[in-house]
Amino acid sequence: MSPLRLLHAGLLVTLFASGAWGERSGMVEVPAGEFAPLLRSRDEPETVPVPSFWMDVHPVTNAQYLAFVQTHPLWARSQVRRLFADELYLAHWTGDFELGPGAPPDAPVVLVSWFAARAYAESRDARLPTIAEWERAAAVGIDTDDARTDPAVAAVLARWFSRPNAGPLPDVERGAANRLGLHDLFGLVWEWVEDFNTALVTGESRADTGLERNLFCGAGSVGARDNTDYPAFMRAGFRSSLRAAYAVPNLGFRCVVSP
Amino acid sequence: MKPLPVHPARAVLAASALVLLGSVRLFAVGEAATTAVPDARKAEFAASLPTEQAVLTAAPHVPPPITRDHAARVVVNLEVREVVKQLADGVDYTFWTFGGEVPGLFIRVRQGDLIEFHLSNHPTSKLPHNIDLHAVTGPGGGATSSFTAPGHSSVFSFQALNPGLYVYHCATAPVPIHVASGMYGLILVEPHGGLPPVDREFYVMQGEFYTTGNYGEAGLQTFDMPKALDERPNYVVFNGGVGSLVGDKAITAEVGETVRLFVGNGGPNLISSFHVIGEIFDRVLHEAGTLVNENVQTTLVPAGGATMVDFRVEVPGTYILVDHSLFRAFNKGALGMLKVSGEPDAIVYSGKEVDEVYLGGQSAAGSETVRREEALRAEREDVIAANPRITEIDTEIQMERGKRIYFASCFACHGQDGEGIPGVFPPVADSDYLMADKDRAIRVILKGLTGPITVNGKPYNSAMPPQDLTDQQVADVLTFVMNSFGNRGEDVTPAEVKAVRTAN
Ligand SMILES: [Cu+2]
């Protein structure tokens with residue numbers, strides 16, 4: 001059993017919370033690579049280099065987050081400042097320090113704000129991934145190296161979208177990992193990223209002004225990297241609907257560290 | 001609408017991205033909410049108006065006409081929900097909806113009204129959503145101002161400047177997927193003075209669905225991206241599902257009434273050739289604008305567009321609503337029903353009408369009416385015959401077909417009201433003999449009947465020849481007879497007929 005697993009069982013809560021762990025526990029290394037932004041301007045390069053980093057194997061769980069709240073009670077549900085987390089913050093927990101039936105210990109924590117996610121990461125001497133890092137990690141598929149064309153990824157995503165949420169979320173690591181060893185990048189929860197608020201799509205993706213032209217005009221011009229990469233559009237759309245204090249039922253997070 | 005102010009972008013945002021995105025807003029970290037700067041002029045205008053809560057209705061219903069002769073501040077509360085609903089018999093689909101329904105709830109306001117729109121996104125939603133109302137004058141039709149994360153709500157307002165019937169839809173990236181999941185509906189902006197009064201108004205909206213499983217494949221279906229890209233839907237339906245406007249869910253009217261259909265098309269891809277078999281639209285508000293066209297058979301409804309049609313119903317019976325791109329009606333579900341019943345004394349009138357049809361079949365020349373009736377009959381028969389799923393589920397269609405068979409094969413002897421001729425042909429109206437034994441009734445049709453019998457206490461001793469009908473036809477005509485002329489009984493299925501036929 002990995003230390004993380006033990007933690008889920010609640011045995012090492014204090015050890016974890018004290019930051020006694022090495023920063024790479026429960027993480028895998030994502031080798032240096034590239035990120036191809038969904039939308040870019042004429043002068044921007046097609047891809048941006050992404051240096052290597054370490055990333056949590058799975059999203060932060062309720063048990064992990066509970067351990068954090070216990071040592072950082074200012075982040076308890078009743079204590080948190082509204083400026084940093086809206087009224088939905090941890091609304092599915094039974095109490096400040098009680099998970100209850102709506103929040104199984106090994107299920108990913110959701111209904112946490114960007115501020116809260118960052119505070120958690122900081123407590124682990126980690127940080128939230130950037131869009132570039134997250135997308136770099138998720139560009140690797142489950143059965144193939146390219147998530148965009150990997151049927152296994154498409155199947156997981158289609159299944160996720162075609163079934164509404166019923167009851168508490170399932171535990172992490174139920175599904176197959178991608179080829180980097182990362183679980184749950186697809187089809188469990190959305191995840192906070194550090195720079196979510198620069199996501200370049202708004203609700204009005206067929207924007208009335210320049211965007212539409214930029215999205216759909218001829219070859220060689222500015223535009224979307226791939227108009228059929230709907231999952232990327234959805235992630236971008238989701239990110240742009242957020243504010244930093246929002247707590248959203250399907251939105252969790254995971255941490256990264258730079259080597 | 002006054003544009004919302006653009007919020008300061010974070011430094012990380014390259015200038016080039018701003019150019020790329022034009023008016024797109026980005027949100028500063030930690031900001032509580034995006035709100036329009038309070039506008040004194042607007043506040044004053046809003047305060048000068050009486051406030052009312054909009055009545056929203058699910059298709060095929062339409063909120064009542066607006067009777068006030070002045071503008072109001074109308075509060076609309078619409079909730080976005082992602083729900084599993086039936087797409088066809090046994091086929092489920094996860095629809096993303098405005099108000100839990102596909103199409104979304106119907107909104108009715110008056111020209112000049114100030115609409116205060118509250119869009120809530122249910123906490124269980126997987127995705128952010130928003131609304132672009134084609135009735136809005138302003139960038140994005142409200143889309144940016146209403147962009148809402150799950151578990152949140154947004155408020156924006158607009159003035160309904162132009163009268164007409166407008167589509168609204170979700171405009172969140174990727175837009176086609178949100179629309180293909182059912183996120184569309186209609187908003188009617190009544191002109192000053194209202195629309196010409198009619199007796200009945202209904203809400204019908206077409207849309208198509210792209211599922212991994214073929215048409216009719218049971219179970220919870222998954223969205224099929226390649227089919228959507230190719231614009232090859234498995235389902236083209238009215239009001240969110242196959243059969244949502246047939247049988248006891250058909251829309252109804254009475255002879256002599258005027259009917260108005262508010263017809264929309266959500267798409268996302270196909271244009272509809274909207275037609276009602278057996279009716280001519282007296283008036284069409286072309287593309288739901290102000291141009292009136294009269295005496296129209298089929299009218300185009302663009303994807304993301306609407307039309308308003310009215311007509312008077314003259315003859316009782318079932319009128320079939322179709323997308324006259326007929327494979328959609330035959331094989332993909334684009335079929336609905338308008339059932340028109342007669343006034344209490346209209347059975348006679350109805351009988352006479354069918355009598356004409358019968359004669360039309362025999363007369364080579366045939367009057368204009370007879371020819372038209374005949375063409376309509378054939379067309380309707382084709383639609384019905386080619387859509388077995390609907391055929392199976394709908395007794396009404398079976399009744400329709402049975403009625404035609406009755407008036408073709410039986411009425412010469414048993415009479416148009418089923419009374420027969422005393423002493424010669426026994427009545428099928430209110431017949432104890434008929435209703436007592438279903439298998440025996442089937443046998444009478446298949447094998448004929450000779451010898452003494454007693455019907456309703458009266459003796460008959462004559463001969464009925466065997467009827468040369470298929471199992472389906474026997475089932476249809478018996479279903480009709482056993483549920484007409486004062487009889488109230490079960491349906492008869494082709495399988496039951498077949499069982500009797502093979503039994504002896
Ligand atoms: Cu939507």
Among the acidic types (Asp, Glu) and open to solvent by 40 Å² or more (accessible area, probe 1.4 Å): does that describe A:GLU122?
yes
Mind listing just one residue for me: the one in the range B:417-452 that is of a type in the set (Val, Ile, Thr) and surrounded by 15 or more Cβ atoms within 10 Å (Cβ to Cβ) and, of those, farthest from the chain's Cα centre (by Cα)?
B:VAL444
Residue pairs within 9 Å by beta carbon, gap of at least six or interchain, first lying in the range B:80-107 and among the acidic types (Asp, Glu), second within 13 Å of the ligand (Cβ to nearest atom) and open to solvent by 40 Å² or more (accessible area, probe 1.4 Å), listed first then second, are B:GLU82/B:HIS122
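Considering each of A:ALA155, A:ALA132 in turn, give the residue that is free of Cβ contacts under 8 Å to residues at least 40 places away in the same chain, open to solvent by 20 Å² or more (accessible area, probe 1.4 Å) and not β-branched (Val, Ile, Thr). Steps first, answer last, please.
On the way: A:ALA132 fails: free of Cβ contacts under 8 Å to residues at least 40 places away in the same chain.
So the residue among A:ALA155, A:ALA132 that is free of Cβ contacts under 8 Å to residues at least 40 places away in the same chain, open to solvent by 20 Å² or more (accessible area, probe 1.4 Å) and not β-branched (Val, Ile, Thr) is A:ALA155.
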With the structure loaded, tell me whether B:GLY241 is touching a helix residue (DSSP H, G or I) at 6+ places or on another chain (Cβ under 9 Å) and touching a residue at least 60 places away in the same chain (Cβ under 8 Å) or whether it fails that test.
no
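Pick out the one residue from B:VAL315, B:VAL322 that is touching a helix residue (DSSP H, G or I) at 6+ places or on another chain (Cβ under 8 Å) and assigned to a loop (DSSP other than H, G, I, E, B).
On the way: B:VAL322 fails: assigned to a loop (DSSP other than H, G, I, E, B).
Only one candidate qualifies: B:VAL315.
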For the range A:226-244, which positions are facing chain B (nearest Cβ under 7 Å) and surrounded by 24 or more Cβ atoms within 10 Å (Cβ to Cβ)?
A:ALA236, A:GLY237, A:PHE238, A:SER241
Inspect all residues belonging to the range A:56-76 and state whether any of them is within 14 Å of another protein chain (Cβ to nearest Cβ) and in contact (Cβ under 8 Å) with a residue 60 or more places away in the chain.
no
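Residue under question is B:ALA47, and the condition is that it be at pLDDT 90 or above, more than 9 Å from chain A (Cβ to nearest Cβ) and on the phi < 0 side of the Ramachandran plot; does it hold? Outline the logic, then answer.
Working: at pLDDT 90 or above: yes; more than 9 Å from chain A (Cβ to nearest Cβ): yes; on the phi < 0 side of the Ramachandran plot: yes.
Yes.
Residue by residue, here is whether (1) touching a helix residue (DSSP H, G or I) at 6+ places or on another chain (Cβ under 9 Å); (2) open to solvent by less than 50 Å² (accessible area, probe 1.4 Å); (3) not in a loop (DSSP other than H, G, I, E, B) holds:
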| residue | (1), (2), (3) |
| --- | --- |
| B:PRO466 | yes, no, no |
| B:GLN472 | yes, no, yes |
| B:PHE480 | yes, yes, yes |
| B:GLY486 | no, no, no |
| B:GLY489 | yes, yes, no |
| B:VAL492 | yes, yes, no |
| B:ALA495 | yes, no, yes |
| B:VAL500 | yes, yes, yes |
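Given the residues B:GLU82, B:GLU31, B:GLU52, which is the only one that is assigned by TED's automatic domain parsing to the domain that holds B:TYR184, modelled with pLDDT under 95, of a type in the set (Asp, Glu) and out of contact with any Phe, Trp or Tyr (no Cβ under 9 Å at 6 or more places or on another chain)? Can you show your working first?
Details: B:GLU82 fails: out of contact with any Phe, Trp or Tyr (no Cβ under 9 Å at 6 or more places or on another chain); B:GLU31 fails: assigned by TED's automatic domain parsing to the domain that holds B:TYR184.
B:GLU52 is the lone residue from the list that is assigned by TED's automatic domain parsing to the domain that holds B:TYR184, modelled with pLDDT under 95, of a type in the set (Asp, Glu) and out of contact with any Phe, Trp or Tyr (no Cβ under 9 Å at 6 or more places or on another chain).
Can you give me the number of residues within the range B:153-173 that are within 10 Å of the ligand (Cβ to nearest atom) and of a type in the set (A, V, I, L, M)?
Residues of the range B:153-173 within 10 Å of the ligand (Cβ to nearest atom): B:169-173.
Next cut, of a type in the set (A, V, I, L, M) only: B:171, B:173.
Adding up the residues that qualify gives 2.
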Here is a list: B:PRO150, B:PRO176, B:PRO191, B:PRO197. Which entry is in contact with a Pro (Cβ under 6 Å, 6 or more places away or on another chain) and away from the ligand (no atom under 15 Å from the Cβ)?
B:PRO191
Which one of these is open to solvent by 60 Å² or more (accessible area, probe 1.4 Å) and assigned to a loop (DSSP other than H, G, I, E, B): A:LEU83, A:LEU90, A:LEU74?
A:LEU83
For the range B:102-153, give me each residue that is facing another protein chain (nearest Cβ under 7 Å) and among the basic types (Lys, Arg).
B:LYS126
Positions within the range B:184-201 being touching a strand residue (DSSP E or B) at 6+ places or on another chain (Cβ under 9 Å) and open to solvent by 20 Å² or more (accessible area, probe 1.4 Å), in sequence order
B:PRO191, B:HIS192, B:GLY194, B:LEU195, B:PRO196, B:PRO197, B:VAL198, B:ASP199, B:ARG200, B:GLU201
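State which residue is nearest to A:GLU46 (Cα to Cα) when the search covers only the range A:219-233 and only residues that are at pLDDT 60 or above and aliphatic (A, V, I, L, M).
Within the range A:219-233, the match that is nearest to A:GLU46 (Cα to Cα) is A:ALA224.
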Looking only at the range B:101-123, count how many residues are open to solvent by 10 Å² or more (accessible area, probe 1.4 Å) and within 14 Å of the ligand (Cβ to nearest atom).
3
Any idea which of B:GLY185, B:GLY216 is in contact with a Gly (Cβ under 9 Å, 6 or more places away or on another chain), within 16 Å of the ligand (Cβ to nearest atom), touching a residue at least 40 places away in the same chain (Cβ under 8 Å) and not polar (S, T, N, Q)?
B:GLY185
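The values are calculated or read from the model by the stated rules, or taken from the named source; none is laboratory data. These numbers come from a predicted model, not from an experiment. Ideal geometry is used to build each Cβ from the backbone, glycine not excepted, and the neighbour counts take in all protein chains shown. Areas reflect the complete protein model, heavy atoms only, side chains present, ligands, DNA and RNA absent. Shrake-Rupley method; radii C 1.70, N 1.55, O 1.52, S 1.80 Å.
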